[in-house]
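*Asks:* Can you read through this structure? Questions will come right after.
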Amino acid sequence: MNGSVITAMELRRAIGDILNRIEYTRERFIVKRKGKPVAAIIAIEDLEHLERLEAEREIEMLRLAKKAADEMGTVPFQELIEEYQELHGERLELP
């Protein structure tokens, strides 16, 4: 993990300073509680970049799934349910 490590108590005491450091220097903070990392605080630009990367990855996964379905064909959903039930010997309850 890359960032300045602070405790939750330090965050409470210095929130204004920490937000300024994030906004003006894009410093990243890892917040620990009871010695365990529980959160990260990053600049909004970094969050937007991360969300773009996640969206691009999801689009690529959908593209690959569609390509595989086009190449190998598809199976009706009911057939998948029946096969699952045969393999596992249990009834699959769906909403």
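The values are calculated or read from the model by the stated rules, or taken from the named source; none is laboratory data. Owing to the predicted nature of the structure, the values given are computational and were not obtained by experimental measurement. As a convention, Cβ positions derive from the backbone with ideal geometry for all residues, glycine included, and neighbour counts pool all protein chains shown.
*Asks:* Just to be sure, is Arg91 of a type outside the set (Phe, Trp, Tyr) and closer than 30 Å to Arg26 by Cα?
*Replies:* Working: of a type outside the set (Phe, Trp, Tyr): yes; closer than 30 Å to Arg26 by Cα: no.
Considered against the rule, which asks whether it is of a type outside the set (Phe, Trp, Tyr) and closer than 30 Å to Arg26 by Cα, Arg91 comes out as no.
*Asks:* Which members of the stretch 1-10 meet the condition of being out of contact with any strand residue (DSSP E or B) (no Cβ under 8 Å at 6 or more places or on another chain) and assigned to a loop (DSSP other than H, G, I, E, B)? Talk me through it step by step, then tell me what you get.
*Replies:* Kept after step one, since they are out of contact with any strand residue (DSSP E or B) (no Cβ under 8 Å at 6 or more places or on another chain), are these residues of the stretch 1-10: 2, 9-10.
The answer is Asn2, and nothing else.
*Asks:* Right, another one. Say we look at the stretch 25-63 and pick out the residues that are of a type in the set (Asp, Glu) and within 18 Å of the chain's Cα centre (by Cα); which of these is farthest from Val5 (Cα to Cα)?
*Replies:* Narrowing the stretch 25-63 to residues of a type in the set (Asp, Glu): 27, 45-46, 48, 51, 54, 56, 58, 60.
Retained after the next criterion (residues that are within 18 Å of the chain's Cα centre (by Cα)): 45-46, 48, 51, 54, 56, 58, 60.
On the way: Glu45: 20, Asp46: 18, Glu48: 22, Glu51: 23, Glu54: 25, Glu56: 30, Glu58: 31, Glu60: 34 Å.
Restricting to residues being of a type in the set (Asp, Glu) and within 18 Å of the chain's Cα centre (by Cα), the top hit is Glu60.
*Asks:* Out of Leu94, Leu64, Leu53, report the one residue that is out of contact with any Asp or Glu (no Cβ under 6 Å at 6 or more places or on another chain) and at pLDDT 95 or above. Give the steps one after another, and end with the answer.
*Replies:* On the way: Leu94 fails: at pLDDT 95 or above; Leu64 fails: at pLDDT 95 or above.
Just one listed residue meets the conditions, Leu53.
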